[in-house]
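Okay, so here's the structure we're looking at.
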Amino acid sequence: MSLRVVTPPTVEAVLLADAKQWLRVDHDFEDGLIQRLLYTAFAMAENITWRSLLPQTLELSLERFPHGRLIVLPYPRLTEI
């Protein structure tokens with residue numbers, strides 16, 4: 001089984017400006033670090049909950065049809081199949 005992101009989310013869960021305001025950072029020196037931390041936290045939240053938190057397109061590939069004919073779709077709350 002292989003799962004890949006075809007189209008990533010088009011919006012950010014937390015904007016950099018909002019994170020900087022909450023962190024009380026008023027300079028641009030650490031923007032890259034803060035952005036990476038936001039991305040990592042978002043990815044970890046999706047992996048831990050096994051849910052997509054923002055709309056995106058995923059592709060699931062199976063090597064063969066599963067025994068028992070039940071396909072478990074990852075990241076539930078699908079909007080379209």
Looking at the range 1-46, which of its residues are within 30 Å of residue 72 (Cβ to Cβ) and either open to solvent by 100 Å² or more (accessible area, probe 1.4 Å) or over 15 Å from the mean Cα position of the chain (by Cα) (or both)? 1, 2, 4, 10, 39, 44
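Tally time: how many residues in the range 60-71 are in a loop (DSSP other than H, G, I, E, B), open to solvent by less than 90 Å² (accessible area, probe 1.4 Å) and under 22 Å from residue 6 (Cβ atoms)? Break it down into steps so the answer makes sense when it comes.
Applying the first criterion (in a loop (DSSP other than H, G, I, E, B)) to the range 60-71 yields 62-71.
With the extra rule that they be open to solvent by less than 90 Å² (accessible area, probe 1.4 Å), the set shrinks to 62, 66, 68, 71.
Right, trim to under 22 Å from residue 6 (Cβ atoms) and you get 62, 66, 71.
Counting residues in the range 60-71 that are in a loop (DSSP other than H, G, I, E, B), open to solvent by less than 90 Å² (accessible area, probe 1.4 Å) and under 22 Å from residue 6 (Cβ atoms) gives 3.
Would you point out the residue of the range 1-37, among those that are hydrophobic (A, V, I, L, M, F, W, C) and in contact with a helix residue (DSSP H, G or I) (Cβ under 6 Å, 6 or more places away or on another chain), that is nearest to residue 59 (Cα to Cα)?
Initial filter on the range 1-37 (hydrophobic (A, V, I, L, M, F, W, C)): 1, 3, 5-6, 11, 13-17, 19, 22-23, 25, 29, 33-34, 37.
Imposing the further condition that a residue be in contact with a helix residue (DSSP H, G or I) (Cβ under 6 Å, 6 or more places away or on another chain) reduces the set to 13-14, 16, 19, 34.
Values: 13: 21, 14: 25, 16: 29, 19: 31, 34: 29 Å.
Restricting to residues being hydrophobic (A, V, I, L, M, F, W, C) and in contact with a helix residue (DSSP H, G or I) (Cβ under 6 Å, 6 or more places away or on another chain), the top hit is 13.
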Can you name every residue in the range 39-81 that is on the phi > 0 side of the Ramachandran plot and touching a residue at least 12 places away in the same chain (Cβ under 8 Å)? 50, 75, 77
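Working only within the range 72-81, note down all residues that are open to solvent by 100 Å² or more (accessible area, probe 1.4 Å) and of a type in the set (Ser, Thr, Tyr). Break it down stepwise before answering.
Of the residues in the range 72-81, the ones open to solvent by 100 Å² or more (accessible area, probe 1.4 Å) are 77, 79-81.
Within the range 72-81, 79 is the sole residue that qualifies.
The values are calculated or read from the model by the stated rules, or taken from the named source; none is laboratory data. Bear in mind the structure is a predicted one, so any value in this text is a computation, not a measurement. Heads up, the Cβs are rebuilt from the backbone with ideal geometry, glycines too, and the neighbour counts pull from every protein chain shown. To get the accessible areas, we keep the full protein, side chains included, count just its heavy atoms, and leave off ligands, DNA and RNA. Shrake-Rupley method; radii C 1.70, N 1.55, O 1.52, S 1.80 Å.
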